[in-house]
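> I'd like to ask some things about the structure below.
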Number of protein chains: 2
Amino acid sequence: VKLLTLARDLRRRKSREKNQLFVAEGVRAVEELLRSRLPIRGALTAPQLMEAPRGAALASTLRDRGVAVEDIAAAEFGSAAETESPQGVIAIAEVPERSFAEIGSDWTGIVLVLDAVQDPGNVGTILRTAAALGAVATVALPGTVDLWNAKVVRSGMGAHFTHLAFSTTWNELDAFRANAGMRLFAADAGGEDIATAKPAARSALVVGNEGAGLSSDARSRADRVVALPLADGVESLNVAVATGILLHSLRS
Amino acid sequence: VKLLTLARDLRRRKSREKNQLFVAEGVRAVEELLRSRLPIRGALTAPQLMEAPRGAALASTLRDRGVAVEDIAAAEFGSAAETESPQGVIAIAEVPERSFAEIGSDWTGIVLVLDAVQDPGNVGTILRTAAALGAVATVALPGTVDLWNAKVVRSGMGAHFTHLAFSTTWNELDAFRANAGMRLFAADAGGEDIATAKPAARSALVVGNEGAGLSSDARSRADRVVALPLADGVESLNVAVATGILLHSLRS
């Protein structure tokens with residue numbers, strides 16, 4: 001029951017950070033994990049996996065790949081699962097070591113910066129979007145939900161395993177930016193229309209908290225504060241949708 | 001307890017369609033409802049509303065506006081609520097009568113068409129996005145989740161109450177289109193880059209099911225099948241994010 005204890009423990013951010021491990025839950029997330037190169041520490045399965053679509057195939061793949069699998073009762077499984085109707089599969093894998101160094105010096109494109117974005121579903125969808133639209137990296141500043149939170153991983157639909165996503169600080173970001181000569185765009189309802197923003201070879205796009213919006217840290221650093229013009233009487237867009245539109249606009 | 005029985009009954013689509021009523025749950029949704037002109041049939045409140053942010057103010061506003069309010073016990077309230085941690089307020093309001101006729105004959109812009117989009121959260125976010133980006137209307141074809149489902153309403157963040165959103169059929173849409181001379185764009189991963197799509201004064205944008213994609217009904221009618229170019233190895237974007245980017249691209 002060692003894997004079960006570990007999986008339960010990894011529901012806490014502190015434990016994920018200490019162990020540098022995370023949990024991928026559900027058929028799709030574990031399939032994507034197997035497709036990536038991240039080392040898998042082990043997996044837990046429960047009987048209902050055999051009834052899930054592609055579940056039986058996934059169970060064989062896990063064994064074929066030599067992953068340590070513990071098959072446990074549904075009730076025990078439920079104590080580690082974070083979904084309401086668990087599909088019966090959880091994998092524990094290593095959080096990849098990533099930093100700005102991996103971007104290298106020869107790049108063009110957009111680095112997405114999450115400044116206290118808090119909803120796990122939003123952050124997962126944002127990572128999926130950044131990966132799909134070819135962002136160079138996505139970095140999370142303090143105050144942002146842990147990128148390796150199980151719900152973020154699930155909403156990311158596999159983006160975590162291939163897209164260069166990692167936590168950072170303003171200090172690290174400032175140092176990277178000074179070196180890379182990156183133009184910093186910050187999203188805020190009061191900003192100028194993104195359509196008028198001059199694209200740069202290297203850009204950073206900062207998106208802020210769902211409720212509070214852009215932080216003063218981001219505002220004071222921005223070369224340009226940009227917005228999507230919204231219809232009268234509409235306050236805001238969902239942060240993942242807004243991020244998608246802004247990324248696409250800055251790219252083209 | 002009549003309102004409570006009605007609220008419970010309105011969890012079923014059939015009941016919403018028969019009664020032409022829907023339920024708005026939670027402080028924010030009811031606030032937005034009060035700001036709109038939709039007639040409110042009544043409201044249910046539970047003790048926890050007094051502890052929710054802006055809850056006490058909302059309770060007074062309901063009474064000041066002459067809405068019939070029944071204050072019930074938390075357990076009873078829970079039997080009608082559809083959220084996991086109910087904030088203690090539900091309002092029952094009339095589904096507005098809407099059709100293509102309300103678009104009139106003097107318009108330009110984009111009509112968004114949902115063709116079997118099934119996730120309530122996605123559809124709510126899409127309505128919020130369509131309203132924010134100034135789409136002329138959003139119409140839902142059969143197979144799409146009911147626009148007046150409580151979760152769709154909640155995710156819509158008030159968009160339902162002001163944005164021209166309604167259910168339709170291909171027959172009605174075909175008739176409107178023939179009359180309006182609307183160019184039909186359909187979104188599909190295999191389509192041409194949206195950046196190369198010629199904007200039209202009047203457009204329809206069709207988005208399809210999260211898993212199955214574009215229906216043959218949509219494909220056979222499309223003037224142009226459009227896509228967002230995605231990075232290698234990435235299968236798809238979230239449908240709400242994709243819709244936001246496509247709407248924004250077609251608009252500009």
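The values are calculated or read from the model by the stated rules, or taken from the named source; none is laboratory data. Keep in mind that what you see is a predicted model, and the values were worked out from it rather than measured. Here the Cβ is made from the backbone with ideal geometry for all residues, glycine too, and neighbour counts use every protein chain on show. Note: accessible area is taken over every heavy atom of the protein model, side chains too, but ligands, DNA and RNA are not part of it. Shrake-Rupley method; radii C 1.70, N 1.55, O 1.52, S 1.80 Å.
> Normalising by the residue count of the range B:1-119, find the relative contact order in percent from Cα pairs under 8 Å and 6+ residues apart.
Reported as a whole number, the value is 36 percent.
> For the range B:76-157, run through the GluC sites (Glu not before Pro) and keep only the ones in DSSP coil with at most 10 other Cβ atoms within 10 Å of their Cβ.
Working: sites: B:GLU76, B:GLU82, B:GLU84, B:GLU94, B:GLU97, B:GLU102; in loops: B:GLU82, B:GLU84, B:GLU97.
Sites meeting the loop and neighbour criteria: B:GLU84, B:GLU97.
> Now for a different question. At 1.4 Å probe size, what's the solvent-accessible area of A:MET50? Round to the nearest 10 Å².
Number for this one is 110 Å².
> Could you give the size of the charge dipole of the range A:174-252 about its Cα centre, using +1 on the Cβ of each K and R and -1 on the Cβ of each D and E, expressed in debye and rounded to the nearest 20?
On the way: 8 positive and 9 negative charges, 99 e Å.
Value, rounded to 20: 480 debye.
> Let's test this: bin the Cα-Cα distances of the range B:65-144 at 10 Å from zero up to the farthest pair and state each bin's percent.
P(r) over the range B:65-144, rounded to whole percents: 13, 32, 29, 22, 4, 0.
> For the range A:111-200, what is the accessible area per residue in Å², given a 1.4 Å probe and the full set of protein chains? Show your work: numbers first, answer last.
On the way: 2950 Å² over 90 residues.
Per residue, the range A:111-200 has an accessible area of 33 Å².
> Using a basic spin-label model with each label point 7 Å from the Cα along Cα→Cβ, how many nm lie between A:ASP174 and B:ALA195?
3.5 nm
> Sequence gap at least 6, Cα distance under 8 Å: using those rules, report the relative contact order of the range B:124-252 to the nearest whole percent. Spell out each step's value before the answer.
Numbers: 171 pairs, mean separation 33.9, N = 129.
Relative contact order for the range B:124-252 comes out at 26 percent.
> Nearest 5 is fine: what % of DSSP beta bridges in the protein assembly as shown come out antiparallel, could you say? Don't skip to the answer; put the middle values down first.
Numbers: 22 of 74 bridges.
So the antiparallel bridges amount to about 30 percent of the total.
> Let me ask something else. If DNA, RNA and ligands are ignored and the probe is 1.4 Å, what is the ranking of A:LEU49, B:LEU228 by accessible area, most exposed first?
On the way: A:LEU49 0, B:LEU228 25 Å².
The ordering from most to least exposed comes out as B:LEU228, A:LEU49.
> Right, something else. May I ask you to report, in nm to one decimal and beginning with the shortest, the distances from B:SER85 to the same position in the other copies, taking label points 7 Å along Cα-to-Cβ?
2.4
> Solvent-accessible area of B:ASP9, probe 1.4 Å, all protein chains present, reported in Å² to the nearest ten, please.
Accessible area of B:ASP9: about 50 Å².
> Determine, from the Cβ-Cβ distance of A:GLU235 and A:ALA75 and an R0 of 60 Å, the FRET efficiency 1/(1 + (r/R0)^6), rounded to the nearest 0.05.
Working: r = 44 Å, r/R0 = 0.73.
Here the calculated transfer efficiency is 0.85.
> Output, in nm with one decimal and in ascending order, the distances from the A:ALA57 label point to the matching label points of the other copies (7 Å from Cα along Cα-to-Cβ).
Those label-point separations list as 5.3 nm.
> Can you give me the solvent accessible area of A:ASP146 with a 1.4 Å probe, rounded to the nearest 10 Å²?
Result for A:ASP146: roughly 10 Å² accessible.
> Just the number, please: buried accessible area between B and A, total of both chains, 1.4 angstrom probe, nearest 100 square angstrom.
Details: alone 11890 and 11900 Å², together 21810 Å².
Chains B and A together bury approximately 2000 Å².
> Computed FRET efficiency, Cβ-Cβ of A:ARG65 and A:ALA101, R0 30 Å: what is it to the nearest 0.05?
Numbers: r = 30 Å, r/R0 = 0.99.
Taking R0 as 30 Å, the efficiency between A:ARG65 and A:ALA101 is 0.50.
> Kindly sort B:ASP64, B:ASP115 by accessible area of their heavy atoms, largest first, with the probe set to 1.4 Å. It would help to have the intermediate numbers written out before the result.
Details: B:ASP64 130, B:ASP115 10 Å².
The ordering from most to least exposed comes out as B:ASP64, B:ASP115.
> What FRET efficiency comes out for A:THR108 versus A:SER216 if R0 is 22 angstrom and r is the Cβ-Cβ distance? Round to the nearest 0.05.
About 0.15, to the nearest 0.05.
> Counting only protein heavy atoms, probe 1.4 Å: which residues of the range B:118-134 lose 40 Å² or more of accessible surface in the full assembly compared with their chain by itself?
Buried by 40 Å² or more upon assembly, which counts only protein chains, are B:ARG128, B:ALA132.
> Same structure again: Can you give me the C-alpha center-to-center distance between the range A:82-98 and the range B:1-22, rounded to a whole angstrom?
Between the Cα centres of the range A:82-98 and the range B:1-22 lies a distance of 39 Å.
> At 0.36 nm per residue, minus the direct Cα-Cα distance, what do A:ARG37 and A:ARG202 gain on full extension? Give it in nm, one decimal, please. Can you show the working numbers first?
On the way: separation 165, 0.36 × 165 = 59.40 nm, distance 2.80 nm.
Net length gain for the segment: 56.6 nm.
> Continuing with this model, one more query. Put a label point 7 Å from Cα along the Cβ direction on B:ASP9, then list its distances to the equivalent points in the other copies in nm, shortest first.
5.5
> Relative contact order for chain B: what is it in percent, counting Cα pairs under 8 Å that are at least 6 residues apart?
Relative contact order of chain B: 20 percent.
> Next up: Can you list, largest first and rounded to whole Å, the semi-axes you get for the protein assembly as shown by taking the square root of 5 times each eigenvalue of its Cα gyration tensor?
Values: eigenvalues 259, 183, 118 Å².
Computed over the protein assembly as shown, the values are 36, 30, 24 Å.
> Measure out, as a whole number of angstrom, how far apart the alpha-carbon centroids of the range A:113-169 and the range A:220-236 sit.
22 Å
> Which whole-number value in Å² is the accessible area per residue of the range B:1-60, probe 1.4 Å?
Working: 3170 Å² over 60 residues.
Per residue, the range B:1-60 has 53 Å² of solvent-accessible surface.
> Just the number, please: carbon plus sulfur as a percent of the accessible area of the range B:143-250, 1.4 Å probe, no ligands or DNA/RNA counted. Before the final figure, lay out each step's value.
Numbers: 2040 of 4290 Å².
Carbon plus sulfur share of accessible area: 48 percent.
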